[in-house]
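Taking it in order: structure first as structure tokens, then the write-up.
The values are calculated or read from the model by the stated rules, or taken from the named source; none is laboratory data. Please read all numbers here as calculations on a predicted model, not as lab measurements. Cβ placement follows ideal geometry from the backbone for every residue including glycine, while neighbour counts extend to all protein chains displayed. Note: accessible area is taken over every heavy atom of the protein model, side chains too, but ligands, DNA and RNA are not part of it. Shrake-Rupley method; radii C 1.70, N 1.55, O 1.52, S 1.80 Å.
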Amino acid sequence: MKTCTTIAELRAEITAFKRVGKRVGFVPTMGALHEGHLSLARTLTEHSDVRVCSIFVNPTQFNDPKDYQAYIITLDNDKALLEREGVDILFAPSVAEVYPPGFQTSINVSEVSKPWEGALRPGHFAGVATVVTILFNAVTPDVAIFGEKDFQQLRLIEQMVRDLKMEIEILRGALVRDDDGLALSSRNARLSVEGRRDALSISRGLSAAQSALREGERNADTLEALVAREIEKVQGATIEYLAVVDEETLDKVATVVGKCRILVVVRIEGVRLLDNIALR
Ligand code: PAF
């Protein structure tokens, strides 16, 4: 695996591959890699000839500077994992490479950015959209993949690529769960043994709602209540939001019709845990 830290170096590598007709696939990450990220890289093997992964902890998407400072960095381990997956290029730029002095552009995907995460984390999605655009311009991928775990982020990228006519195919990577049902996240490492056990209430609640849907329940309030009932059994768990939404608009719906999803964020032991499930 070749590691590039500058855009010039990366472009030289990519140009050489493109010259011989290779299709470039891209997985953007902020490091602290786990099986969820690796499964994205694995999925890309069927869609590209060359796989590029980026590791860049993007300061502009942290609305709380303390979260940015506390972000776990495990670069050596991440590199070893990517080598093992057979990733061809790692792009790991510095903050100054991505945001040189004088940088002043921001991309705002207006509607998709408004609710849920956007409402609780002002500026977060502008930070994501801007850095992903910079990374896309640096990597020039033919195809890129984003996990369904951050479903609103995935929709934001799909919308941005469509609106700005970027010639990049966006793939959706399935959310990966641990054997016990917990959605994989770098944040899970911050939970105690008890916190982790309590966090299983989230996937239990989501599964209960999905089972109810499969038995014919289409009322969004009822489905949300099934999720809430599991989570509220846990002392100290706080639901930040819980909603049945339309997958395209992310608007809250009253009845499940067409493609809908339950989005939920729960805070346990101070750790924000995002999860979601497709209602099919
Ligand atoms: O999902 C992430 O890890 C980040 O938001 C992304 C897409 C790499 C942008 O910094």
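What the table below lists for this structure:
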| read-out | value |
| --- | --- |
| Helix 151-163 axis, angle to the chain major axis (alpha carbon atoms, nearest 10°) | 50 degrees |
| Residue-wise HN-Hα coupling along region 171-178, computed from phi with Karplus coefficients 6.51, -1.76, 1.60 (Hz; x: Gly, Pro) | 9, 9, x, 4, 5, 9, 10, 5 |
| Members of K2/K114; K66/K259; K22/K259; K165/K259; K149/K233; K22/K149 lying beyond 32 Å, as alpha-carbon distances in this model show | K2/K114; K66/K259; K22/K259 |
| 1.4 Å probe accessible area per residue over the chain, in Å² | 47 Å² |
| Contact order normalised by residue count of the chain, Cα under 8 Å, 6+ apart, percent | 16 percent |
| Relative contact order (percent, whole number), region 1-108, Cα cutoff 8 Å, 6+ residue spacing | 39 percent |
| Centre separation in Å (Cα based) which lies between region 237-280 and region 23-74 | 23 Å |
| Gaussian network model of the chain, springs between alpha carbon atoms under 10 Å - residue of D142, D76, D246 with greatest fluctuation | D76 |
| Given charges at beta-carbon only (K, R positive; D, E negative), |dipole| of the chain in Debye | 240 debye |
| Listed residues L213, L154, L90, most fluctuating in the chain (Gaussian network, C-alpha, under 10 Å) | L213 |
| Computed Rg/Rh of region 229-279, alpha carbon atoms with Kirkwood Rh | 1.04 |
| Karplus-derived 3J(HN,Hα), 6.51/-1.76/1.60, for each residue of region 180-190, Hz, glycine and proline x | 7, x, 5, 5, 5, 7, 4, 6, 4, 5, 8 |
| Percent carbon-and-sulfur accessible area, region 173-279, ignoring ligands, DNA and RNA, probe 1.4 Å | 47 percent |
| Among L191, L38, L263: highest mean-square fluctuation, GNM of the chain, C-alpha pairs under 10 Å | L191 |
| Inter-site label distance for I72 and D180 at 7 Å from Cα along Cβ, in nm | 1.5 nm |
| Gyration tensor (alpha-carbon) shape descriptor, region 91-152, a/c threshold 1.5 | oblate |
| Built amide H within the under 5 Å cut-off of L175, gap 5+ | E148, K149 |
| Computed [θ] at 222 nm, deg cm²/dmol, the chain (DSSP H ≥ 4; -39,500 (n - 2.57); rounded to nearest 500) | -12000 deg cm²/dmol |
| Sequence-distant residues sharing a close amide H with I277 (under 5 Å, placed H) | I262 |
| Only Lys, Arg (+1) and Asp, Glu (-1) charged, at Cβ; region 109-161 dipole about Cα centre in debye | 160 debye |
| For the chain: Kirkwood Rh in Å [reciprocal of mean 1/r, alpha carbons] | 19.7 Å |
